[in-house]
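Take a look at the structure below.
Any read-out appearing in this document is the output of simple, stated calculations on the displayed coordinates, not a laboratory observation. Please read all numbers here as calculations on a predicted model, not as lab measurements. Glycine gets a Cβ as well: all are built from the backbone with ideal geometry, and neighbour counts include every protein chain shown.
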Amino acid sequence: MIEFRCFRNDDPPRLADAWRSADLGPSAMQPMTSALLEAGVFSKPYFDREGLIVAIDDGRVVGFAHAAFGPNADHSAIDTTVGTTLLVVVVPHAEHERIGADLLDRCETYLQRRGAATLLGGGSTEMRSFYLGLYGGADLPGVLDSSPTMQSVFRRAGYAEAERIGVLRRPLTGFRPPVNRLQLAIRRATTLRVIDEPARRSWWEAATTTGIALRRYELRGTGESLLGTASFWDMQPLATAWGVSATGLMHVGIEGERRRQGLAHYLVAEALHDLAQEGVTLAETHVSETNSPAMQLFTKIGFEIADRGTLFRKS
Ligand SMILES: CC(C)(COP(=O)(O)OP(=O)(O)OC[C@H]1O[C@@H](n2cnc3c(N)ncnc32)[C@H](O)[C@@H]1OP(=O)(O)O)[C@@H](O)C(=O)NCCC(=O)NCCS
């Protein structure tokens, strides 16, 4: 008989084992180890053992699912009114459908007990509580199309698509920023600053990016006014597992009144050139398919869709 219980301190090696056996697709870190789970999951200050449900069959871990919360409005603490089940991991098993369904059901019960009125499925830029660098790539992209087994667990439980997220990639070998009159004019009127390990802007950003090598590019205009920023991280350990040196573009933003003047194109292209010169060979970013300005910006820079993810919501 399959039993379900919450996480115990001696579980990590067996959870890593289950992860290695499950069919999670190419954007899940492999081979998973206890040390990687420690860094990306158990060490987080908001880790709650009650939210990580483990399925046991005859003493063997045959699956686990992890429910979590995102940040409150000022990113100073977690907000338990919206909860998500980040992952449902099931090893090949005669009863895999039932194990997945029961794990998800128990995650929902946990989230509701803590006060969640909205139930999501999968992580996102906002719900980036755990697994950054272990599942999904540059960010958490919901549940990827390349993890069809996990997607079907959510669909069978009545979850619907809330958002589609594009995983965009661009090879950087030999990358050159465009040279035209607009770009030259921006170069003359602005300065580009590179800040390694920038101070984190909030408790949430610090908690979710601990142990991650962050780099921020700042574009400044006359009088040092900030025009926009682009934040990248060294996509470890996934990039090493893929055999490339990859950078994840986490966010690019241009000040409202300065948009549509070519600044984001300039900023991202200069940053990618700088990274390419340091030996980075691949850039990845995730964009909601409803964010048409960002989609068009990245297409113009030469990014192409490599995968898609779905952020689910239970109605
Ligand atoms: C997305 C964003 C960074 C674009 O910045 P920007 O400086 O206005 O972009 P640029 O002027 O460099 O535009 C470059 C290209 O992007 C596309 N683009 C930018 N804004 C667009 C818009 N509102 N509608 C359609 N396409 C747009 C166009 O293809 C444009 O090329 P074109 O001017 O030759 O048509 C900006 O809108 C922003 O800060 N948005 C909020 C944050 C965000 O969504 N970030 C992206 C996800 S992390």
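What the table shows:
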item: Dipole magnitude (debye, nearest 20) for the range 87-179, charges at Cβ of Lys, Arg, Asp, Glu; result: 320 debye
item: Contour excess over end-to-end distance, with Cα ends at Phe4 and Ala189 and 0.36 nm allotted per residue; result: 60.5 nm
item: Mean projected area (nm²) of the alpha-carbon convex hull when the range 2-164 is viewed from all directions; result: 8.8 nm²
item: Net charge, Val244 excluded, C-beta distance under 14 Å - Lys, Arg +1, Asp, Glu -1; result: -1
item: Length-normalised contact order for the range 2-164 - Cα pairs under 8 Å, 6+ apart - percent; result: 25 percent
item: Inter-label distance, nm, simple model (7 Å from Cα along the C-beta direction), Ala117/Leu226; result: 3.3 nm
item: Beta bridge orientation in the range 169-310: antiparallel %, DSSP, nearest 5; result: 85 percent
item: Extension gain, Ser315 back to Ser34 (0.36 nm per residue minus Cα-Cα distance, nm); result: 97.7 nm
item: Charged-residue dipole, Cβ positions (Lys, Arg, Asp, Glu), the chain about Cα centre, Debye nearest 20; result: 920 debye
item: Whole-number percent relative contact order across the chain, with pairs defined as alpha carbons under 8 Å at least 6 apart; result: 21 percent
item: For the chain, fraction of C-alpha pairs farther apart than 28 Å, in %; result: 40 percent
item: Label point distance in nm, Asn180-Arg49, each placed 7 Å from Cα along Cα→Cβ; result: 5.9 nm
item: Helix-only [θ]222 nm of the chain, DSSP H runs n ≥ 4, -39500 (n - 2.57) each, per residue, nearest 500; result: -8000 deg cm²/dmol
item: Nitroxide proxy distance, nm - points 7 Å out along Cα→Cβ at Ala77 and Glu161; result: 3.7 nm
item: Highest-first arrangement of 247-258, 291-302, 228-239, where packing means the average Cβ count within 10 Å; result: 228-239, 247-258, 291-302
